[in-house]
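Everything on this sheet refers to the single structure shown next.
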Amino acid sequence: MIEAANPDSFIRIRGVSKHFGDFVAVDDINLDIQKGELFAILGGSGCGKSTLLRMLAGFEEPTSGTMEIDGVDVTRQAPYERPVNMMFQSYAIFPHMNVEKNIAYGLRKERVAANEVDERVSDVIRLVQLDDFRARKPDQLSGGQRQRVALARALIKQPKVLLLDEPLAALDKKLREHTQFELMNIQDELGITFIVVTHDQEEAMTLSTRIAVMDRGRFLQVGPPKEIYEYPKSRFVADFIGTINTFEGRVTSAGDETISVDCPDVGVEVRALCTEDVKVGQDVCVAVRPEKIFISREEPEEDEGVRVRGIVDDLGYLGNLSLYRIHLETGRMIQVSRQNRRRSHKRFVEWDDKVWLSWRPRSAMIIQGDD
Amino acid sequence: MHKGHTWERVITAIPYLWLFLFFLLPFAIILKISLADPVIAQPPFTPMFDEQGNLSVSFDSFIFLLTDKLYAITYFKSVMLAASATMLCLLLGFPMAYGIARSEPTTRSILLLLIVLPFWISFLLRVYAWMGLLNNYGVINNMLMWIGAIDQPIQFMYTDFAMLIGMTYSYLPFMVLPLYATLERMDLDLVDAAQDLGATRTGAFWDITWPLARPGVIAGCLLVFIPAMGEYVIPYLLGGGESLLIGRVLFDEFFVARDWPLASSVAIVLLLILVVPIMLLQRYQARDAENA
Ligand SMILES: Nc1ncnc2c1ncn2[C@@H]1O[C@H](COP(=O)(O)OP(=O)(O)OP(=O)(O)O)[C@@H](O)[C@H]1O
Ligand SMILES: [Mg+2]
């Protein structure tokens, strides 16, 4: 998918592909990233995220296409010539150097004066909270500490672009959230453009200004987190980001704003808001996020997009949320989530309770295309 | 007591037992012989205790060894030759090991097979083959004369050069294999990371690859240097009469001169010469591990 060419984009990727023999790891990627963006690349394992990043860092030469950073064509530049630093998925911490020497390595190579090296090393070490581990060898560190060394080592050179390959995968949830905000602060402070690879969709949502969803070497959709979440263009994207209920159906009537779709799985006609061009008789997919579905014991009001009855098959308590799996009369299972607003020991509904599900026309999205 | 414990002890005791039986015990015997005097008898040295049960030790052979310049020269020459062969093996072996470690898995196993293939032929035969190559009318001289590079055959055989070639050729696999093992284990992302942080290809090699390969370098050097020091076959076949190396001296003293005490002291001094570099290297490695 080709985005409108933006004259002042900071990173410009044009038609970049990478083949390993017959295998196409990255397939004709076009992308523009603005200065100071925190751009996330999200995709399943083996979809080519690392390969794309390694091409930007200069470790892998593209089979075709060009890459520009800050107006300079870097496609054929050696890694050490590029204004780019990378944090490796494997961390790649030098095992024969202690924490301090690992972090200082980039500055030493730049021949920065010794006292300035000391100062800057101390600064980043404080930033990533490794003060107590300065003299440790890498094999004496935990996974999370190693990850922070790798981050500090990439940060210290203050590159124009920082590439992060799964930067937070090894951290526990608390530390991960903390580091996420730390990353965002650092990014704010230093104005470095970040490209973060992740397969954790929650991380991509919290961190980034924009997300690219990648599958089999291609970008399926590029946009702000909200757009990706609320307006996915394909089933793959809708499925990949968050949970979603999808129903196949055929359009029975198409008005100006709302259309009706006959979905055999739901058992009733589904009304949905649709601004796109949809024709009567066309096969489409209706998708609803679990949090957009209301669950109630009493019959809901008439004007909903959909009202349907079901039986509680399973329920899960997550603290802030409760998750329900509702068995419809058609045999279809639907996922619903509901905020736990009240403190209570009593459950709102129990297993095998009969409940009503409903959602508004504007909550459902229509996904065209076969993916 | 726990059964697992006993087994653990038995297993850890095996290397010690091995060392005792095949190193310490023979060493003690050699040491004992070196402190005796030669006699024409069976065995050809005086016993440690005479008939009255008095201890009789003699340092004569050691004194002779240390005062005769010929021995000092021979030791020096052996060290120099073994060290040169070790350096040559390292210079040739490192690129080979590096190339093998970085090649595709399928080519890699073929290359490794080629490295160990010579072992399938007797060592003696392979050194013998070099005689055919280095001879005055051997393959190399014939080739050089045929292309017109020389008119007269070059004297290769019975020179130090021939011995150096023979040793380098024979011990190259002992350098390549440990180097390959360390290089193959190395995470390639490390080299990428160094380049990413501003190192050139050569810079990354000296900062990352070389220090991480050092255990392999040390192991390879010891595996080449130690046997090259005591080498007997190569100087005998390629080195000719006057190029004396310590391995030949040792053999001649034992079996030609039948002066067992002197031969034993030659062996003990050789061992000391070998132990010193090993201990130095070990201390160096230990210090390496301590500070980054
Ligand atoms: N040097 C290589 N030779 C051959 N195939 C390769 C090479 N490097 C990567 N690939 C293949 O390219 C595809 C993409 O690899 P890549 O490392 O980019 O995946 P990824 O998206 O980063 O996955 P993960 O989330 O697991 O890290 C994979 O199928 C991989 O097997
Ligand atoms: Mg990856």
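The values are calculated or read from the model by the stated rules, or taken from the named source; none is laboratory data. This one's a predicted model, so the numbers in the text were calculated from it and none came from an experiment. Please note: Cβ atoms are built from the backbone with ideal geometry, for glycine as well, and neighbour counts cover all protein chains shown. Just so you know, the surface numbers come from the protein's heavy atoms only, side chains and all, with ligands and any DNA or RNA stripped out. Shrake-Rupley method; radii C 1.70, N 1.55, O 1.52, S 1.80 Å.
Each Lys and Arg contributes +1 and each Asp and Glu -1, all at the Cβ; summed about the Cα centre of the range B:68-258, the dipole is approximately 300 debye.
For A:Tyr105, the solvent-accessible surface computed with a 1.4 Å probe is close to 10 Å², ligands and nucleic acids excluded.
When the alpha carbon gyration tensor of the range A:106-146 is reduced to an equivalent ellipsoid, the three semi-axes, largest first, read 22, 12, 8 Å.
Highest mean first, how do B:8-17, A:19-28 rank when packing is the count of other Cβ atoms within 10 Å averaged over residues?
Top to bottom by mean Cβ count within 10 Å: A:19-28, B:8-17.
Here the contact order of the range A:243-367, divided by its residue count and restricted to Cα pairs under 8 Å and six or more residues apart, works out to 31 percent. Counting, for every residue in A:69-82, the Cβ atoms of other protein chains within 10 Å of its Cβ and taking the mean gives 2.
Using a 1.4 Å probe on the protein chains only, how many percent of the accessible area of chain B belongs to carbon and sulfur? Kindly include the intermediate steps, with their values, before the conclusion.
Values: 12130 of 16980 Å².
Exposed carbon and sulfur together represent 71 percent of the surface.
Inter-chain Cβ neighbour count for A:131-142, averaged per residue, equals 1 (cutoff 10 Å, partner chain atoms only). What is the average number of partner chain Cβ atoms found within 10 Å of a Cβ in B:198-208? So the per-residue partner count for this stretch is 4.
Each Cα pair under 8 Å and six or more residues apart adds its sequence gap; the mean of these over the residue count of chain A is a relative contact order of 15 percent.
With contacts defined as alpha carbon pairs under 8 Å and 6 or more residues apart, what's the relative contact order of the range A:81-157 in percent? Kindly include the intermediate steps, with their values, before the conclusion.
Working: 80 pairs, mean separation 38.9, N = 77.
Once divided by the residue count of the range A:81-157, the mean separation gives 50 percent.
If R0 is 60 Å, the Cβ-Cβ spacing of B:Ile73 and A:Arg136 corresponds to a FRET efficiency of close to 0.70. Solvent-accessible surface of the range B:30-108, taken per residue with a 1.4 Å probe and all protein chains present: 61 Å². Using a probe radius of 1.4 angstrom, the carbon and sulfur fraction of the accessible surface of chain A is 45%.
Relative intensity of the range A:243-367 on a log10 scale, I(q)/I(0) at q = 0.15 Å⁻¹, equals -0.67, per a Debye sum over C-alpha point scatterers of equal strength in the absence of solvent.
When B:Arg201, B:Arg214 are compared by accessible area of protein heavy atoms, the largest-first order is B:Arg201, B:Arg214, using a 1.4 Å probe. Here the Gaussian network model covers chain B, with springs between Cα atoms less than 10 Å apart; of B:Phe205, B:Phe76, B:Phe156, B:Phe205 fluctuates the most.
Extents of chain A, largest first, come to 74, 51, 36 Å (Cα atoms, principal axes, whole angstrom).
Excluding same-chain neighbours fewer than eight residues apart, the lysines reachable from A:Lys101 by a Cα-Cα span under 26 Å are A:Lys109, A:Lys137, A:Lys157, A:Lys160. The lysines within cross-link reach of B:Lys69, meaning a Cα-to-Cα straight distance under 26 Å and a gap of 8 or more places when in the same chain, are B:Lys32, B:Lys77.
Of all DSSP beta bridges in chain A, what percent run antiparallel (nearest 5)? Spell out each step's value before the answer.
Details: 60 of 79 bridges.
About 75 percent, rounded to the nearest 5.
In nanometres, what is the gap between the two model label sites at A:Glu182 and A:Val280, each 7 Å from Cα along Cα-to-Cβ? A separation of 6.1 nm, rounded to one decimal place.
Counting heavy atoms of the protein chains only and a 1.4 Å probe, report the per residue accessible area for the range A:11-239 as a whole number of Å².
Details: 9700 Å² over 229 residues.
Each residue of the range A:11-239 exposes 42 Å² on average to a 1.4 Å probe.
For the range B:270-287 versus the range B:181-249, the spacing of their alpha-carbon centroids is 16 Å.
May I ask you to list, by number, the DSSP H helices of chain B whose Cα span along the axis is at least 20 Å and whose average Kyte-Doolittle hydropathy reaches 0.0 or more? Helices meeting the criterion: B:3-19, B:69-101, B:160-185, B:210-229, B:260-290.
Taking a ≥ b ≥ c as the square roots of the Cα gyration tensor eigenvalues, with a/c under 1.5 meaning rounded and otherwise prolate when a/b beats b/c, else oblate, which class fits the range B:89-188? Verdict is prolate for the range B:89-188. Taking the charge dipole of chain A about its Cα centre, with +1 at Lys and Arg Cβ atoms and -1 at Asp and Glu Cβ atoms, the residue from A:Ser208, A:Tyr229, A:His96 reaching farthest to the positive side is A:His96. With the convex hull drawn over the C-alpha atoms of chain B, the volume per residue is 248 Å³. Backbone geometry of the range A:354-361 corresponds, through the Karplus equation with coefficients 6.51, -1.76 and 1.60 at θ = phi - 60°, to 3J(HN,Hα) couplings of 8, 9, 10, 10, 8, 8, 7, x Hz, x marking Gly and Pro.
Mind grabbing the interface size between A and B? I mean buried accessible area, both sides, 1.4 Å probe, in Å² to the nearest hundred. Provide the component values of the computation, followed by the final result.
Working: alone 19260 and 17980 Å², together 35340 Å².
Chains A and B together bury roughly 1900 Å² of accessible area.
Cα centroid separation, the range A:269-283 to the range B:106-158: 82 Å. Computed from label points 7 Å out along Cα-Cβ, the spacing between A:Glu81 and B:Thr6 is 7.0 nm. Using a probe of 1.4 angstrom and keeping all protein chains present, the accessible surface of the range B:138-193 works out to 49 square angstrom per residue.
Cα centroids of the range B:1-45 and the range A:96-145: 50 Å apart.
Taken along its three principal axes, the alpha carbon spread of the range B:66-108 comes to 57, 13, 9 Å, from the longest extent down to the shortest.
Which percent of the Cα-Cα distances in the protein assembly as shown go past 35 Å? Each step should come with its number before you reach the end.
Values: 139793 of 219453 pairs.
Roughly 64 percent, rounded to a whole number.
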